[in-house]
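The values are calculated or read from the model by the stated rules, or taken from the named source; none is laboratory data. From a predicted model like this one, the values you see are computed outputs, not experimental measurements. Here the Cβ positions follow ideal geometry from the backbone for every residue, glycine too, while neighbour counts run over all protein chains shown. Areas reflect the complete protein model, heavy atoms only, side chains present, ligands, DNA and RNA absent. Shrake-Rupley method; radii C 1.70, N 1.55, O 1.52, S 1.80 Å.
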Amino acid sequence: MSGYWIGIDTGGTFTDLVLVAPERGRWHYHKVPTFTADPAKCILDGVAELLQLAAVKPAEVDFLVLGTTLATNAVLEGKWARTGLITTRGFRDVLELARQRRPHYFNLDVPKPMPPTPRDCSLEVGERLAADGSVVRPLDEQAVADAVRILKDKKVEAIAICFLHSYQNDAHEKRAAEIVRAQWPEVYLCTSSEVLPEFREFERCASTAVNASLMPIMDRYLERFGNGTRALGIPSTPRVMQSNGGAVTPAAVRKLPINTFFSGPAGGVIGSVGVGTQTGITNLITFDMGGTSTDVCLIKEGEPSKKSQREMGGFPVRTRTIDIHTIGAGGGSIAWIDAGGLLKVGPKSAGAYPGPAAYGRGGTLPTVTDANVVLGRLNPKSLLGGRMDMHPDKARAAIETLSGPLGIDAVEISAGILEIVNVNMMGAVRVISVEQGEDPRDFTFVAYGGAGPLHATDVARTMGIRRVLVPPRPGLLSAQGLLFADQRGDFSLTRLLVADAAALPTINAGFDELKQRAAAWLAGEAVPGAVADYEWQADLRYVGQNFELILPVDEGRLEAKSLAVLQNRFHARHKDFYGYDIPGQPVELVNLRVSVTVRRERPRTETLAPGAAATAAETGRRPVWFADTGFVDTPVLDRDLLQCGAAFTGPAIVEQMDTTTVIPPQAKVNLDAGGYLHIEVAPVADAAAAKEARTWATAPIQ
């Protein structure tokens, strides 16, 4: 902990950088626009600028961690590498057939997603395993060699190998991989038994193919990034954030790039867990609104929700992730008019370049940011502490391009844009709360990201959430959260059997195999002698069901008594989740899982001393539009001047380098010693009643 740590979060519009001296709690923050054509360049330029601003020598940096959306963007945009598939004869079309479900039941014109392995690059070879892993037909090694030659001629960059039932016996996949490497050492290669040793042929094949297609992209990106940090003089090997909330070496990411799909947003969730620890608030809904998208996650009793499968680009990718729900709603989301003449917002974004019209970089399309400028919510002169000039005239001109078709003025259009994007984000919050059986009103809304605090109070009020929490550096929380990430690896395997006493030897043999995998991972990822925590789980279902529930297992071993306890837990969980249980129905075990975590030391956080009242932080006033009042003469506060104990009542605008926080009329705010803004908002019904009194416009800051 004697050196400096750097956390980097690359978003669609901005790249956020944080540097800390962990023992002293000395923090430095920086933001640079993301250059999407070469994301590594803006990162390296930002690191160099940050080191210069902090007067820190590159050789003093001994920990650097990166959160990236490169893999996500590659899949969503279809920019993956040309990939070949070698599979069991008769299973060439698994990715095309999928689950034989249309993307939309009532729209026949929606095209099916294109797999990363074109059909002419999907080749079959003779081999067959039974469902128990026994060999039905030996591997045709000559057919594998012929497939390699064909794929070479087709100029693929990566190869995925996925054989039927290889989750039970990986011998054929291992031998096929040896043949491929012998004939073509430089090709990127992965097998399904390495990527996902679980049953369900389509999901396993899709995960393996997507992983292979990302290997060249991620490898080149990490090589450029690693070479760049070394050229800067930083001696330490960078770490990369995974979707599960753990940071690993680039070597691990090169093998399994699908583990980075929610790399950047995961940093914000881990940072929010730290927020809960510091403030003593353990039930949180995270609200991360950036320039391109909004990410939300539910944290209950200090633990973020997890999932084992996510859909990316229309394909199921099975990998352990924090349950982050993402929608295309951000500051750069473009407003447009559909064929029916209705106003829509997103999901297309103006990005960093050309960006919103207000940025003055050539953007002309109306965006959420432009609407906030027109309504006075964003500083009309500059952002990023004065480093980015704003152009309110260009923002208004962009919004007015919609005036003719809609027949309303720029203010009404801007208000409509905000209402639409807020409703879209409310839907995202419902997915991770109401649709999971949780009442969002029982949680505190944590607002971060460059645009999160701009919209959080409006979203919270409409959903009946009374408490909003804004961290000290909300626009940089994801980058800051990366520095709190532990090392974490997740491993699983399939053992399809009835969970009774006769199955215990097979179950425990599976746990032993997972222990071996975890030990091999620790040898490559952790320092020798590192203490690791193990979290064991099992996927269970009633015999005859098609979906399972994941339950904790106390230790990596089951006996007759602990198995009975596990079955009782399953019955109870099934009743909670589905509303009923069937105690007399046999329980089937599907998968075994283990998560291994090596804890890292935490950097110290900053604290504020008690100081002056909030009026001392006032830097001016400007008209700001609120839904309940229209334009109100509103005080503007500099957050860096707010001190511990400051309390005031809205309306107010709180500005800082990395974001702007909108405080609606009647909301009560106080600042604690950790620098957190605690905002108590009135639900919409209460605010509507108070509107008649018209007391807000004249309420002074206390």
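Residues in the stretch 352-362 that are open to solvent by 10 Å² or more (accessible area, probe 1.4 Å) and either of a type in the set (Asp, Glu) or touching a Gly at 6+ places or on another chain (Cβ under 6 Å) (or both): how many? Talk me through it step by step, then tell me what you get.
Narrowing the stretch 352-362 to residues open to solvent by 10 Å² or more (accessible area, probe 1.4 Å): 353-354, 359-362.
Now narrow it down to the ones that are either of a type in the set (Asp, Glu) or touching a Gly at 6+ places or on another chain (Cβ under 6 Å) (or both): 354, 361.
Going through the stretch 352-362 one residue at a time, the tally reaches 2.
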Residue among Arg541, Arg517 that is part of a helix (DSSP H, G or I) and either touching a strand residue (DSSP E or B) at 6+ places or on another chain (Cβ under 8 Å) or among the β-branched types (Val, Ile, Thr) (or both): Arg517
Residues of the stretch 434-467 satisfying the condition of being in contact with a strand residue (DSSP E or B) (Cβ under 9 Å, 6 or more places away or on another chain), surrounded by fewer than 24 Cβ atoms within 10 Å (Cβ to Cβ) and part of a loop (DSSP other than H, G, I, E, B): Glu438, Phe443, Arg466
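Any chance you could count how many residues in the stretch 278-323 are touching a Lys or Arg at 6+ places or on another chain (Cβ under 9 Å) and of a type in the set (Val, Ile, Thr)?
Just the residues of the stretch 278-323 that are touching a Lys or Arg at 6+ places or on another chain (Cβ under 9 Å), to begin with: 281-284, 306-310, 314, 316-323.
Within this subset, residues satisfying the condition of being of a type in the set (Val, Ile, Thr) are 281-282, 317, 319, 321-322.
The total comes to 6.
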Residue match in the stretch 577-587 (condition: in a strand (DSSP E or B) and within 24 Å of Gln436 (Cβ to Cβ)): yes
Out of Gly404, Gly489, sole residue that is assigned to a helix (DSSP H, G or I) and over 12 Å from Phe287 (Cβ atoms): Gly404
The one condition in (1) modelled with pLDDT under 95; (2) open to solvent by less than 40 Å² (accessible area, probe 1.4 Å); (3) in contact with a helix residue (DSSP H, G or I) (Cβ under 7 Å, 6 or more places away or on another chain) that Val470 fails to fulfil: (1)
Qualifying residues in the stretch 637-651 (those that are surrounded by fewer than 24 Cβ atoms within 10 Å (Cβ to Cβ) and in a strand (DSSP E or B)) - the one nearest to the chain's Cα centre (by Cα): Asp638
Complete set of residues in the stretch 553-597 that are basic (Lys, Arg), more than 16 Å from Gly510 (Cβ to Cβ) and open to solvent by less than 70 Å² (accessible area, probe 1.4 Å): none
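Say we look at the stretch 96-122 and pick out the residues that are outside any loop (DSSP other than H, G, I, E, B) and at pLDDT below 90; which of these is least open to solvent (accessible area, probe 1.4 Å)?
The initial filter retains those residues of the stretch 96-122 that are outside any loop (DSSP other than H, G, I, E, B), namely 96-97, 119-122.
Going one step further and asking which of them are at pLDDT below 90, we end up with 96-97.
Numbers: Glu96: 74, Leu97: 101 Å².
My answer is Glu96.
One line per residue, one yes/no per condition, for (1) within 16 Å of the chain's Cα centre (by Cα); (2) under 30 Å from Phe63 (Cα atoms):
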{"site": "Ala447", "(1), (2)": "yes, yes"}
{"site": "Pro453", "(1), (2)": "no, yes"}
{"site": "Val468", "(1), (2)": "no, no"}
{"site": "Gly475", "(1), (2)": "yes, yes"}
{"site": "Ala479", "(1), (2)": "yes, yes"}
From Val423, Val373, Val429, residue being open to solvent by 60 Å² or more (accessible area, probe 1.4 Å), among the aliphatic types (A, V, I, L, M) and outside any loop (DSSP other than H, G, I, E, B): Val423
Single condition Ser166 does not satisfy, out of (1) under 24 Å from Arg310 (Cβ atoms); (2) open to solvent by 30 Å² or more (accessible area, probe 1.4 Å); (3) hydroxyl-bearing (Ser, Thr, Tyr): (2)
Unmet criterion (only one of (1) of a type outside the set (Phe, Trp, Tyr); (2) more than 29 Å from the chain's Cα centre (by Cα); (3) open to solvent by less than 10 Å² (accessible area, probe 1.4 Å); (4) more than 22 Å from Leu343 (Cβ to Cβ)) for Pro380: (3)
In the stretch 54-75, residue farthest from Arg230 (Cα to Cα) [restricted to those that are among the aliphatic types (A, V, I, L, M) and over 29 Å from the mean Cα position of the chain (by Cα)]: Ala55
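Which ones in the stretch 625-636 are under 19 Å from Ala451 (Cβ atoms), among the aromatic types (Phe, Trp, Tyr) and surrounded by fewer than 22 Cβ atoms within 10 Å (Cβ to Cβ)?
First, pick out the residues of the stretch 625-636 that are under 19 Å from Ala451 (Cβ atoms): 625-627, 634, 636.
Keeping just the survivors that are among the aromatic types (Phe, Trp, Tyr) gives 625-626.
Trp625, the sole residue that qualifies.
Which residues, taken from the stretch 433-451, are of a type in the set (A, V, I, L, M, F, W, C) and modelled with pLDDT of 95 or more? Working first, answer last.
Let us first name the residues in the stretch 433-451 that are of a type in the set (A, V, I, L, M, F, W, C), namely 434, 443, 445-447, 451.
Once the filter is applied, which keeps residues that are of a type in the set (A, V, I, L, M, F, W, C) and modelled with pLDDT of 95 or more, the stretch 433-451 yields Phe443, Phe445, Val446, Ala447.
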Subset of the stretch 501-542 (residues that are of a type in the set (Asp, Glu), open to solvent by less than 20 Å² (accessible area, probe 1.4 Å) and closer than 16 Å to Val598 by Cα): Glu525
Whichever residue in the stretch 208-224 is crowded, with 24+ Cβ neighbours inside 10 Å and not hydroxyl-bearing (Ser, Thr, Tyr) and, among such residues, is nearest to Gly489 (Cα to Cα): Asn211
Failed criterion for Lys344 (all others in (1) of a type outside the set (Ser, Thr, Tyr); (2) over 17 Å from the mean Cα position of the chain (by Cα); (3) under 18 Å from Gly427 (Cα atoms); (4) open to solvent by less than 20 Å² (accessible area, probe 1.4 Å) hold): (4)
Matching residues in the stretch 169-198 - criterion: being part of a helix (DSSP H, G or I) and open to solvent by 30 Å² or more (accessible area, probe 1.4 Å): Ala171, Lys174, Arg175, Glu178, Arg181, Ala182, Gln183, Glu194
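Inspect the stretch 612-630 for any residue being among the hydroxyl-bearing types (Ser, Thr, Tyr), part of a strand (DSSP E or B) and within 30 Å of Ala447 (Cβ to Cβ) and give the result as yes or no. So that I can check it myself, show each step before the final result.
Going through the stretch 612-630, the residues among the hydroxyl-bearing types (Ser, Thr, Tyr) turn out to be 615, 619, 629.
This time we only want the ones that are part of a strand (DSSP E or B), so: 619.
Subset that is within 30 Å of Ala447 (Cβ to Cβ): 619.
Yes, the stretch 612-630 contains at least one residue that is among the hydroxyl-bearing types (Ser, Thr, Tyr), part of a strand (DSSP E or B) and within 30 Å of Ala447 (Cβ to Cβ).
Quick grid of which residues meet (1) among the basic types (Lys, Arg); (2) out of contact with any Asp or Glu (no Cβ under 8 Å at 6 or more places or on another chain):
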| site | (1), (2) |
| --- | --- |
| Asp153 | no, yes |
| Val156 | no, yes |
| Phe163 | no, no |
| Lys174 | yes, yes |
| Ala177 | no, yes |
| Ser192 | no, no |
| Thr208 | no, yes |
Every pair of residues 6+ apart whose Cβ atoms lie under 9 Å, when the first sits in the stretch 285-308 and is in contact (Cβ under 8 Å) with a residue 12 or more places away in the chain while the second is open to solvent by 20 Å² or more (accessible area, probe 1.4 Å) and among the aromatic types (Phe, Trp, Tyr): Gly290/Phe14; Gly291/Phe14
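Wholly within the stretch 247-345, which strands (runs of 3 or more DSSP E) include no fewer than the required count, namely at least 1 residues that are within 30 Å of Ala673 (Cα to Cα) and in contact with a His (Cβ under 8 Å, 6 or more places away or on another chain)?
Values: elements: 284-289, 294-300, 310-312, 315-317, 325-327, 333-337.
Per the criteria, 284-289, 294-300.
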Filtered residue count, the stretch 21-34, keeping only those that are within 30 Å of Tyr359 (Cα to Cα) and in a strand (DSSP E or B): 7
Options Leu454, Leu522, Leu493, Leu514; residue that is in contact with a Ser or Thr (Cβ under 6 Å, 6 or more places away or on another chain) and at pLDDT 90 or above: Leu454
Residue under evaluation Thr88, criteria (1) out of contact with any Pro (no Cβ under 9 Å at 6 or more places or on another chain); (2) open to solvent by less than 40 Å² (accessible area, probe 1.4 Å); (3) closer than 24 Å to Thr369 by Cα, criterion not met: (3)
